[in-house]
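Structure first, commentary second.
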Amino acid sequence: MNNTWKIYMLTMISFLIGTSQFVIVGILDKVAASASVSVATAGQLITAFALASAIGTPIVMVATAKMDQRRQLLLALTIFLLGIVSTLALPGFGFLMASRVILGIGTGVFVVTAYAITASLASPGHQGEAMSNISMGFSASLVFGVPIGRVITAAYDWQAIFWGIGFFSLLGSLAVARLLPATSGEMPTPLGKQFALLKKPTIAAALGMTFFVFISYSVVNTYITPFLAALRPMSEQELSSILFALGIASLLGSKLGGFLADRIGITPTLIGSMVIQAIALVFVSVAEGSIILTILSIMLWATSVWTFGLTQSFNIVSLAPAASGIMLSLNSSFVQLGFAAGAGIGGIAVGSSSIMIVSWIGAASVIVALCIAAVSFSFSRLRYQPCGD
């Protein structure tokens, strides 16, 4: 098997791994009913997954630094499969929460290692293109994995999805063990050096933007299924179609982010995407009477979030080009922390108020990110502006 097909193999595994993370959003109501808990409580499964990924991944990567990359990838897949088995075999919500923690760590280690292996497999000058395939696998899980998961749950039950993910992930593990070469990667940067970057105001501000934007995204996206159901009664087919449309919007947003960053620049794209997110979420909150306008607003919001996501990666790297790997790793951790905080805040709010409040919370959070951006970009312009006489 040539290296191109090996990269495609990792892309397919990325799709499975991504589906395990995102599919829970589309079936949250079913999982809550199965576990005999409220939707707000079930939403903390997203919190547990994201926190485990954000905190556990760098610790495991440092602890396994002496492993070659193939063994690291196999370790990640082993942890992931352990999470799948515990999801299926162990009863009760407590064990389900623990399973999400295991899956979060396995997913995080897989992502970091898969990017590194893909870069080493790619031909010189094509590393970025090759790594984008891994990203595409995760994007595809949003587009296809979430609505397919909803369809499967309607026909069977939500655990059937994880049986399928587990089976194909096991095949993927066997393929990795047989087909990938043993390669050694760069030593991971010590955690102390990573945290030292947070002392720089521009970097701290940029990561703050990431954190609050993805709090906004998570607080809405985690409860999107019960939110849509609260607008009006709809069939499983209608709900799956809307989730599919949101996945397409997310994919388009990623493509649009790269296009706009090249055409109008990183800063205008970031500011514009956050403004549109805030406007769309406010409109969702005040247009409850029109299901069509509400869904269009949610799609516009999803597109804007992922326009921000890709552009922010460019922005983060530009702040410290010599430490691009560390910066992307930190940004990924803050994305996951945003996911965790958003799911947690949303769970508290939904448990004590109406489900419709999540769009207001999302709008408020992205406005905070906008304020951080305004201060940060203004400070940067003043800092680098030539002094007059």
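The values are calculated or read from the model by the stated rules, or taken from the named source; none is laboratory data. Keep in mind that this is a model prediction, so the values were computed, not measured. Here the Cβ positions follow ideal geometry from the backbone for every residue, glycine too, while neighbour counts run over all protein chains shown.
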### Message
I'd like the residue in region 226-238 that is modelled with pLDDT under 80 and touching a helix residue (DSSP H, G or I) at 6+ places or on another chain (Cβ under 6 Å) and, out of all such residues, is surrounded by the fewest Cβ atoms within 10 Å (Cβ to Cβ).
### Response
Arg232
### Message
Among the listed residues Leu88, Leu81, identify the single one that is crowded, with 17+ Cβ neighbours inside 10 Å, in a helix (DSSP H, G or I) and either out of contact with any Lys or Arg (no Cβ under 9 Å at 6 or more places or on another chain) or among the aliphatic types (A, V, I, L, M) (or both).
### Response
Leu81
### Query
Filtering region 52-83 down to residues that are among the β-branched types (Val, Ile, Thr) and closer than 26 Å to Ala341 by Cβ, which residue is modelled with the lowest pLDDT?
Val62
## Note on the structure
Residue hits (region 348-364; surrounded by 24 or more Cβ atoms within 10 Å (Cβ to Cβ) and among the small types (Gly, Ala, Ser)) are Ser359, Gly362
### Message
Quick check on region 366-386. Is at least one of its residues part of a helix (DSSP H, G or I), within 22 Å of Leu246 (Cα to Cα), modelled with pLDDT of 80 or more and under 18 Å from the mean Cα position of the chain (by Cα)?
### Response
yes
### Summary
Checked Ala154, Ala177, Ala140, Ala160 against criteria (closer than 25 Å to Met67 by Cα, in a helix (DSSP H, G or I) and at pLDDT 75 or above); the one match is Ala177
### Ser250 being surrounded by 14 or more Cβ atoms within 10 Å (Cβ to Cβ), closer than 22 Å to Ala349 by Cα and not aliphatic (A, V, I, L, M)
no
